[in-house]
Amino acid sequence: MDRLTTFFTNFMIRKTLKDVPAENTIDNPIYRNQVAYLEAWFSIIGNFILAIIKGVLGVMVNSISLIADAVHTASDVITSIVVIAGFKLAAIPPDEEHPHGHGRIEFIATLIISILLAAVGVKFGIDSYKRLIANTPVTGSYFVVVIMLLAGLFKELMSRFSIDLGQRISSSTLIADAWHHRTDAIASVLVAIAILASQFGYYRVDSILGFCVSGLIIWTAVEIFRESCSKIIGENDPYQIEEISRLALSVPGVMATHDISIHDYGANKMVVIHIEVDKNLSLLRAHDIADQVENSINEKLFASATTVHVDSCERE
């Protein structure tokens, strides 16, 4: 499945994006925006079609879990619009009040997605409770069950596609949108089970699984909210810390690194790193090594500015 996802992602990038850089694309601002728009528009089109199909079927069979799933899918369209708006606003150049750019708007977009998810989850939790008390009859057919299982499979493929793109550009917003797709995929499977149970007269299964869908949506919203808040507060990415250390140590003369910190502004990053060099080196040579470290990090990670502090140490 992962190999198929990678193949599909590469195909879509080649066919839809222009001027794809050959390397170092993880934080390239132009490339990041192109990838984000690709994910968002693919999600909008796919979710719009699925929402209509689920909504029509939900009304036909009078299933609250199916109607809830249809609205959940429709809400994915809204979150994808939030993705587009977030990346457009994040691309606004730096100004006097925001000297490091507006990249953290991307994290705010992720917060908005999580709030939308939570609202959908609470709404259908309430509706499921009302249906459970009333034991509302649910109709359906094996055809509807098959359609829902296929919808779940398609949403899982959309989720994997979004995760792949999100990982390629290190975007929490795209990964959050991917989890929105995945919860919808799981919800579709649960709805299929509910429709199947209704064929044997177990109508309350629909409401119970409606609760499950609601809980799943809310849990996902809380996780996305927590992660995006952590990034806004200033969470360091261990992978990027390790990569920065590796880049610094690859420069001849750097003996060790420590106290690495990253101030993340989306596509722009402010990096601070301490390097250790032989205490017998001249000031000019130590400064030259620091420049090499700075240039390497800025080039490889598209950091907007890197500050290198030089410490002397004994050579072992």
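The values are calculated or read from the model by the stated rules, or taken from the named source; none is laboratory data. Keep in mind that what you see is a predicted model, and the values were worked out from it rather than measured. Quick reminder, even Gly has a Cβ in these numbers, built from the backbone with ideal geometry, and neighbours come from all protein chains shown. Accessible surface areas use protein heavy atoms only, side chains included; no ligands, DNA or RNA. Shrake-Rupley method; radii C 1.70, N 1.55, O 1.52, S 1.80 Å.
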Residues that are of a type outside the set (D, E, K, R) and surrounded by 21 or more Cβ atoms within 10 Å (Cβ to Cβ), drawn from segment 204-218: Ser207, Leu209, Gly210, Val213, Ser214, Ile217
Candidate set from segment 238-248 (those that are out of contact with any helix residue (DSSP H, G or I) (no Cβ under 9 Å at 6 or more places or on another chain) and open to solvent by 30 Å² or more (accessible area, probe 1.4 Å)); member that is nearest to Cys313 (Cα to Cα): Arg246
Cβ-Cβ under 7 Å pairs, at least 6 apart or on other chains, segment 192-212 side more than 15 Å from Gly58 (Cα to Cα), far side surrounded by fewer than 17 Cβ atoms within 10 Å (Cβ to Cβ): Arg204/Asn135
Residues located in segment 106-138, provided they are under 28 Å from the mean Cα position of the chain (by Cα) and surrounded by 21 or more Cβ atoms within 10 Å (Cβ to Cβ): Glu106, Phe107, Ala109, Thr110, Ile113, Ser114, Leu117, Val120, Gly121, Phe124
Residue, surrounded by the most Cβ atoms within 10 Å (Cβ to Cβ), within segment 40-73, restricted to residues that are modelled with pLDDT of 80 or more and in contact with a Lys or Arg (Cβ under 9 Å, 6 or more places away or on another chain): Ala70
Residue in segment 244-265 that is closer than 30 Å to Ile108 by Cα, of a type in the set (A, V, I, L, M, F, W, C) and in contact with an Asp or Glu (Cβ under 6 Å, 6 or more places away or on another chain) present: no
Of all residues in segment 124-162 being free of Cβ contacts under 8 Å to residues at least 12 places away in the same chain and touching a Ser or Thr at 6+ places or on another chain (Cβ under 9 Å), the one that is farthest from Trp219 (Cα to Cα): Ala134
Counted residues, segment 269-288 - those being farther than 16 Å from Cys313 by Cβ and over 40 Å from the mean Cα position of the chain (by Cα): 1
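Of the residues in segment 44-96, how many are part of a helix (DSSP H, G or I) and touching a Gly at 6+ places or on another chain (Cβ under 6 Å)? Can you show your working first?
The first filter runs over segment 44-96 and keeps only residues part of a helix (DSSP H, G or I), leaving 44-61, 64-90.
Those still in the list that are touching a Gly at 6+ places or on another chain (Cβ under 6 Å) too: 61, 64-68, 70, 90.
The total comes to 8.
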Tally of residues being surrounded by fewer than 24 Cβ atoms within 10 Å (Cβ to Cβ) and closer than 28 Å to Ala109 by Cβ across segment 142-152: 1
Residue list for segment 1-39, filter: modelled with pLDDT under 75 and of a type in the set (S, T, N, Q): Asn24, Thr25, Asn28
Residue list for segment 249-280, restricted to those being open to solvent by 60 Å² or more (accessible area, probe 1.4 Å) and in contact with a helix residue (DSSP H, G or I) (Cβ under 8 Å, 6 or more places away or on another chain): Ser250, Pro252
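Could you list, in sequence order, the residues of segment 153-170 that are of a type in the set (A, V, I, L, M) and open to solvent by 10 Å² or more (accessible area, probe 1.4 Å)?
Scanning segment 153-170 gives Leu153, Leu157, Ile163.
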Residue within segment 169-189 that is in contact (Cβ under 8 Å) with a residue 60 or more places away in the chain, in contact with a Lys or Arg (Cβ under 7 Å, 6 or more places away or on another chain) and more than 30 Å from Lys123 (Cα to Cα) present: yes
